[in-house]
Amino acid sequence: MAMAQVEAAVVIHLRTVYYGDDPLTLFPIALLSDRDLVIELSRELATMLMILSVALLQSRRSTQVFGAFLYVFGVWDIAYYAWLKLFLGWPTQWLQWDVLFLIPWPWLGPWMTPVFVSLLFIAAGTRLLASPARFTRLALSLLVAGAALVVIAFLLPVLLVPVDRQASIEPGDFLWSVFVPGYVLMAYGLGIACRGGAWRAA
């Protein structure tokens with residue numbers, strides 16, 4: 001939660017610089033300078049490494065490290081939006097679009113979608129930390145397939161737009177038809193894994 005406050009502070013400063021007239025409105029997207037883009041990409045990577053580091057402090061068992069990563073990621077992401085709301089008054093709508101991530105390409109979607117994912121991560125992470133889990137081949141396949149669909153739903157709003165028009169992207173209809181099946185597959189895969197046992201491919 002403390003790291004989420006740091007990230008929210010950085011994002012608020014970036015919005016002040018790039019959206020000075022109205023930091024509550026992100027679209028059309030303001031493109032970062034090359035220097036700021038490199039800094040922001042490295043910051044996002046550093047955040048993932050910090051979350052992984054915390055997970056590795058929990059245990060050396062694969063399932064518990066994975067569970068700790070999911071749990072910390074979920075808490076961090078939800079707390080990030082809570083800090084933005086507290087300090088900036090954003091988001092102002094339940095399905096307001098956000099620039100979610102930049103690696104390897106901008107991820108776009110309503111801010112509630114990563115929160116849904118984070119809630120799932122917190123629930124699964126708590127279960128994986130509490131007792132042993134078994135990741136069968138089926139569980140892994142469902143989890144990977146679901147995660148891929150969720151990421152595709154976030155990436156397509158940008159990838160479907162020509163590069164020379166990406167700065168003028170406006171939020172449209174989110175790809176719920178891709179996100180929801182992906183979310184369900186992720187939840188099902190994690191649910192199978194959380195039934196207990198040892199981490200192994202069955």
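A few notes on this one:
- Debye, to nearest 20: dipole size of the chain, +1 on Lys, Arg Cβ, -1 on Asp, Glu Cβ: 1220 debye
- Debye-sum result for the stretch 2-193 in log10 I(q)/I(0), which assumes one identical scatterer on each alpha carbon, at q = 0.08, 0.13 Å⁻¹: -0.28, -0.74
- The stretch 82-158: C-alpha gyration tensor shape, a/c 1.5 cut-off, then a/b vs b/c: oblate
- In this structure, the amide hydrogen of ASP98, modeled 1.01 Å from its nitrogen in the peptide plane, lies closer than 5 angstrom to those of GLY109, TRP111, counting only residues at least 5 positions away or on a different chain.
- Placing a pseudo-label 7 Å from each Cα along the Cα-to-Cβ vector at VAL38 and ARG61 gives an inter-label distance of 4.4 nm.
- Applying 0.36 nm per residue to the separation of SER141 and VAL10 and subtracting their alpha-carbon distance, the gain on full extension is 43.5 nm.
- Each label point was placed 7 Å from the Cα along the Cα-to-Cβ direction; for TYR19 and LYS85 their separation is 1.7 nm.
Quick note: the coordinates plus some simple rules give every number you see, no bench work behind them. This is a predicted model, so every value here is computed, not measured. Neighbour counts run over all protein chains shown; Cβ positions are idealised from the backbone, glycine included.
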